[in-house]
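Scroll down for the structure; my scribbles are underneath it.
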Amino acid sequence: MKPCCCNELRMTVSSKGCELHVEGYPIKYETPLEDKLEDSLRMIMEKMCDDLLFFIPDFQLNTITFRFDDHFSYNIFRPIYKQRFPQPLEVHTLVVKQFDRSLYVAYDIINPEKTRVREKHHLEEYADDIMKVSVERYECVDITDGVKAFTRTHCIKYFREGQEDVYVDEPNLVPPKKQK
């Protein structure tokens, strides 16, 4: 089967399971209940990274979003990712969403020379599945003599877990939960 190429990938890494969104279509990787959590996470993360290689065989991508829900799964994911990907990805836009500010995507995973936009989203959970997100956006506006100049913007937004595409300015403006 011929590998395909895509423009946007979103990846969630969590102890509860992992998820990969390819052009908006989700692929869920659930941890088997009977296995040891670390072994289960390792297994599904290896599968997810193998799937990633199928969708980005040339290691180039317009936008990639990583969401890290906890330290435990992040520490398992990082060496698996580095083992599966022999070279850093070249992406235009990198978005990293995390609950812990110490979690990041290093330059051995993403080629910083090719990245023009970087966003950091620090997530904080509120009541009723509402999330507060502090967004820092760094955008390359000029390259002179090999030196990049960036603009930095910062804002606070809110969304409801599971409805991450709708960011609003105040928590009371978050849309109601979707009915199942």
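The values are calculated or read from the model by the stated rules, or taken from the named source; none is laboratory data. None of these values were measured; they are calculated from a predicted model. Here Cβ is always computed from backbone atoms with ideal geometry, including for glycine, and neighbour counts include all displayed protein chains.
Taking the stretch 91-115 as the range and being within 26 Å of Asp142 (Cα to Cα), surrounded by fewer than 16 Cβ atoms within 10 Å (Cβ to Cβ) and among the charged types (D, E, K, R) as the test, the residues that pass are Asp108, Glu113, Lys114. Out of all the residues in the stretch 135-180, which are hydrophobic (A, V, I, L, M, F, W, C) and within 18 Å of the chain's Cα centre (by Cα)? Val135, Phe159, Val166, listed by residue number.
For the stretch 39-50, a residue qualifies if it is within 17 Å of Ser73 (Cβ to Cβ) and either buried (at least 16 other Cβ atoms within 10 Å of the Cβ) or of a type in the set (D, E, K, R) (or both), and the qualifying residues are Asp39, Ser40, Leu41, Arg42, Ile44, Met45, Glu46, Lys47, Met48, Cys49.
Among the residues of the stretch 21-38, none is identified as part of a helix (DSSP H, G or I) and loosely packed, with under 12 Cβ neighbours inside 10 Å. When Lys120, Lys132, Lys97 are checked against the criterion of being in a strand (DSSP E or B), closer than 30 Å to Pro176 by Cβ and more than 15 Å from the chain's Cα centre (by Cα), a single residue qualifies: Lys132. Applying the condition of being at pLDDT 95 or above and touching a Phe, Trp or Tyr at 6+ places or on another chain (Cβ under 6 Å) to the stretch 143-158 and asking which residue is surrounded by the fewest Cβ atoms within 10 Å (Cβ to Cβ) yields Arg152.
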